[in-house]
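Derivation of every value follows stated rules applied to the coordinates shown; laboratory data play no part. Predicted model only: the values in this text are computed from it and were never measured. Cβ sites come from the backbone with ideal geometry, for glycine too, and all protein chains shown count toward neighbours.
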Amino acid sequence: MKACRAVQISDNVYWVGAIDWDIRNFHGYSTNRGTTYNAYLILAEKVTLVDTVKAPFRDELLARIRSVIDPEKIDYIISNHAEMDHSGSLPSMIDIVKPEKVFASVKGVEALEQHFGLKDITAVEDEGEIDLGNMKITCLETRLLHWPDSMVSYLAEDKILFSQDGFGMHLASNERFDDELEDYVLYYEASKYYANILLLYSHIAAKVINRINDSGLEITTIAPDHGPVWRSKIPWIMDLYKKWSARELKKKAIIVYDSMWDSTRMMARAIEDGLTEGGVHVKVLSATATSRAEVVTELIDAAALIVGSPTLNNHIFPTVADILTYIKGLKPKGVVGAAFGSYGWSGESVRVLNAWLEDMKIELVSEGVRVQYVPKAEDLERCRQLGLEVAKRIENLPDPLVVTRVCT
Ligand code: FEO
């Protein structure tokens, strides 16, 4: 094991997590910049570890703890979230550390037993407190952010919120703090994380943000379970979470498509022409060239989703079905849509796509555009008109901002 060292993030707290430079697929989410599994060591009278790491990274966690303290001196472990990227090494850490107590939310106690057969986990109620002797942790349930067991914990003495998945991002780096990283990277990876992990729970995220704001907790550090620790840009990330959770959509459309012999691609580009002519910002995303996670990231503030597929074996392209399946699960609200595609003889793709969009509660702007074989000039004009029609529907929304501006 290489000499991994802890990083002090406040008077009494050290980051003791692990860096996963190699991961490129996190349960279907393309993680092009890797990730970190963050864990935190609180040097209170009751020495406390907040969360652990994914199982293969346990020794890195132990090495970082050892750079500060003998792991056997840990008295308490708090499990804020039972998903295995944070709890995978918990059973073996319990064997090694033999902590006096392990704490989790009420649902966390159930989840840890169901995952690992762990007994004797102490349940913390919502707003429950854990006495660390000379310090105190307050726990707030954040059910479904990200799992039913999720909770956040707050250390008043250092004004730190341990936020588990919330405010996290998949970003491997040796820089531990927000102000040590480029703003455009922070914005892109935080928005990608929100879109892929939390979008479905936006209504809950909005309540949690309000609850944190209303709690009166003074927060100078947010320590999530992935990515950098927030210490300089907390108002900025909180404001972004408010916007994303409120689904503040912009005058922006995404076209997702695949093509067999270039016809559907030609249609996509003609629709793009209509949208840009109508003053809408457009992203044209080939389902072959773009991961589902990247598509959803663009959907975080897009007001229109236009989907194209040729007809293949009386159906749609599998690449397009993959992305639609993923989007459907994340339930983006407030979006309008349309479908298009070329065909040879049977031509079911637009009907199938329309059914998908309607099933996703996406309001159809038109019945869509079908073209047999190769589009002629008049077919491309119909596509351009479709783009204009969609643009008309969203023309009054605000322009998308390039939000790399940060609070100082
Ligand atoms: Fe990072 Fe929901 O686990």
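Between the C-alpha center of the stretch 353-381 and that of the stretch 50-84 there is a gap of 52 Å. The order of the peptides 70-78, 355-363 by mean Cβ neighbours within 10 Å, most packed first, is 70-78, 355-363. If r is the Cβ-Cβ distance from Thr220 to Glu381 and R0 is 60 Å, what FRET efficiency results, to the nearest 0.05? Once rounded, the FRET efficiency stands at 0.55. With a Förster radius of 41 Å applied to the C-beta separation of Ser346 and Ala123, the computed FRET efficiency comes to 0.10. For the stretch 7-245, the Cα gyration tensor yields ellipsoid semi-axes of 24, 20, 18 Å (square root of five times each eigenvalue, largest first, whole Å).
Estimated from helical segments only, the mean residue ellipticity of the chain at 222 nm is -10000 deg cm²/dmol, where each DSSP H run of four or more residues counts as -39500 (n - 2.57). The C-alpha radius of gyration of the stretch 250-392, expressed as a fraction of 2.2 N^0.38 Å, stands at 0.91. Measuring spread by the Cα atoms of the stretch 15-56 yields a radius of gyration and Dmax of 13.1, 41 Å.
Take each peptide in 231-237, 20-26, 176-182, count the other Cβ atoms within 10 Å of every residue, and average; sorted highest first, the result is 231-237, 176-182, 20-26. Take the convex hull of the alpha carbons in the stretch 30-171; its mean projected area over all directions comes to 8.1 nm².
May I ask for the Rg/Rh ratio of the chain, computed from Cα atoms with Rh as the Kirkwood radius, given to two decimals?
Reported Rg/Rh, Kirkwood definition of Rh: 1.05.
Placing dummy labels 7 Å off each Cα toward the beta-carbon, the span from Val374 to His27 is 4.7 nm.
Modelled this way, with points 7 Å down the Cα-to-C-beta line, the labels at Asp59 and Glu367 are 6.5 nm from one another. Where both bridge residues fall in the stretch 250-392, DSSP classifies roughly 5% of the beta bridges as antiparallel. Residues of the stretch 134-149 with an amide N closer than 16 Å to a point placed 7 Å from the Cα of Arg211 along the Cα-to-Cβ direction: 138-149.
To the nearest 0.05, how large is the calculated FRET efficiency for Arg66 and Ala156 if R₀ is 30 Å and r is the Cβ-Cβ distance? Step by step, r from the Cβ atoms, then E = 0.60.
Most simply put, the stretch 86-240 has about 60% antiparallel DSSP beta bridges, counting only bridges with both residues inside it. DSSP bridge analysis restricted to the chain gives an antiparallel fraction near 40%, rounded to the nearest 5. Taking 0.36 nm per residue of sequence separation and removing the Cα-Cα distance, the Arg5/Asn313 pair yields an extension gain of 105.3 nm. Structural descriptor for the stretch 250-392: relative contact order 31 percent, calculated from alpha carbon pairs under 8 angstrom and at least 6 residues apart.
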